[in-house]
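The values are calculated or read from the model by the stated rules, or taken from the named source; none is laboratory data. Nothing here was measured: the structure is a model prediction, and the numbers come from that model. So basically every Cβ, Gly included, is an ideal-geometry build from the backbone, and we count neighbours across all protein chains shown.
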Amino acid sequence: MRNIPVAEVDDLDRAVLAIGTDYPHDHLLPWHEHRRAQVLYAATGVMQVETADGSWTIPTARAVLIPPLTRHQVTMTGVSTRSLYIEPAAVPWFPARCQAVDVSALLRALILTAVEAEPRYPEHGRDAAVATLVLHEIRSLAPLPLDVPLPSDPRLRGLCEAFLHRPDIHDPPARWCTALSISERTFARLFRRGTGLTFSQWRQRACILHSLQHLTAGVPVTRIAALLGYDNPAAYTTAFKKLLGRPPTAYRSPGTAGAPDRGV
């Protein structure tokens, strides 16, 4: 199925529904929720998924697991998605919070195959077998640290959201303390309680995940490092590998490789 709203087929008696959707280059899918669990796979581009408690940056060829009835919005940058909508009873082990995941070559092929199936596919045919195998593969996916937790405190959350739009690896905590009219010790406690991370850990993660959009667009590593305020490309690359386990070049979209990057 392609480019149809899930609401049109949601009541079909099939555990797995697969829909492919193409979006305009810069598109915002406003706040909504699904009755079914969703596996949202980025076939192209970069997605930013936001919920009440966090933001997930999903580059090409990765996915995010969205639990049933989880309100979320999605910002699309050059995105074509392949979504699996799954009956909650079929995935009792599904995470209670959104989770970014790496997508195996097998699951990628299964998702692309499932999208070509008829909505009411035969219950005992090839498409049903694909759906069953999809469920097995999803359960064994490796999680990725592609999320930035957001606090519930409205003033602190506002500062966090502003930072996500213009991240700076050297942004000092003193600036945040001044904006909140609190001491650095109080700020450290408030931030850790609201996000589960120290400020420096959160700032580093936010910068690295923001850079995924630039990598997908083919921006050189030297330029990305400068945009984020890193002292040099090697410092950015080291931080990137520490968080994601692979160099920045592993997160480039096919076809964006230009001149070789230094320090990757």
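Going by the conditions given, is Arg120 within 25 Å of Ala43 (Cβ to Cβ), in contact with a Phe, Trp or Tyr (Cβ under 9 Å, 6 or more places away or on another chain) and among the basic types (Lys, Arg)? When the stated conditions are applied, Arg120 does not pass them. Consider Ala174 carefully, then state whether it is in contact with an Asp or Glu (Cβ under 8 Å, 6 or more places away or on another chain), over 30 Å from Thr21 (Cα atoms) and part of a helix (DSSP H, G or I). Yes; evaluated as a whole, the condition is true for this residue.
Look at Val74 and say whether it is within 11 Å of the chain's Cα centre (by Cα), in the same structural domain as Val134 (by TED's automatic domain parsing), modelled with pLDDT of 95 or more and crowded, with 18+ Cβ neighbours inside 10 Å. So Val74 fits the description; yes. Taken over region 170-192, the residue count meeting the criterion of being closer than 22 Å to Asp53 by Cα and aliphatic (A, V, I, L, M) is 4. From the list Ala206, Ala250, the lone residue that is aliphatic (A, V, I, L, M) and surrounded by fewer than 20 Cβ atoms within 10 Å (Cβ to Cβ) is Ala250. No other residue among Ala250, Ala239, Ala234, Ala217 is among the aliphatic types (A, V, I, L, M) and more than 28 Å from Ser104 (Cβ to Cβ) apart from Ala234. Here Arg120 meets each of (1) under 25 Å from the mean Cα position of the chain (by Cα); (2) touching a residue at least 24 places away in the same chain (Cβ under 8 Å); (3) outside any helix (DSSP H, G or I); (4) surrounded by fewer than 19 Cβ atoms within 10 Å (Cβ to Cβ) with one exception, condition (1). Of note, Thr60 does not satisfy the criterion of being in contact with a strand residue (DSSP E or B) (Cβ under 6 Å, 6 or more places away or on another chain), of a type outside the set (Phe, Trp, Tyr) and part of a strand (DSSP E or B).
Report every pair of residues separated by at least 6 positions or lying on different chains whose Cβ atoms are under 6 Å apart, first residue within region 58-78 and of a type in the set (Asp, Glu), second buried (at least 22 other Cβ atoms within 10 Å of the Cβ). Nothing qualifies. Looking across region 52-66 at every residue that is more than 17 Å from Arg108 (Cβ to Cβ) and under 11 Å from the mean Cα position of the chain (by Cα), the one that is surrounded by the fewest Cβ atoms within 10 Å (Cβ to Cβ) is identified as Gly54. If you scan region 201-224, which residues turn out to be free of Cβ contacts under 8 Å to residues at least 24 places away in the same chain, assigned to a helix (DSSP H, G or I) and not basic (Lys, Arg)? Across region 201-224, the qualifying residues are Gln201, His214.
Leu112 meets all of the listed conditions (1) touching an Asp or Glu at 6+ places or on another chain (Cβ under 9 Å); (2) assigned by TED's automatic domain parsing to the domain that holds Thr81; (3) assigned to a helix (DSSP H, G or I) but one, namely (1).
Report yes if Thr178 is touching a helix residue (DSSP H, G or I) at 6+ places or on another chain (Cβ under 7 Å) and outside the structural domain of His25 (by TED's automatic domain parsing), otherwise no. Talk me through it step by step, then tell me what you get.
Values: touching a helix residue (DSSP H, G or I) at 6+ places or on another chain (Cβ under 7 Å): no; outside the structural domain of His25 (by TED's automatic domain parsing): yes.
Here the answer is no, as Thr178 does not meet what is asked.
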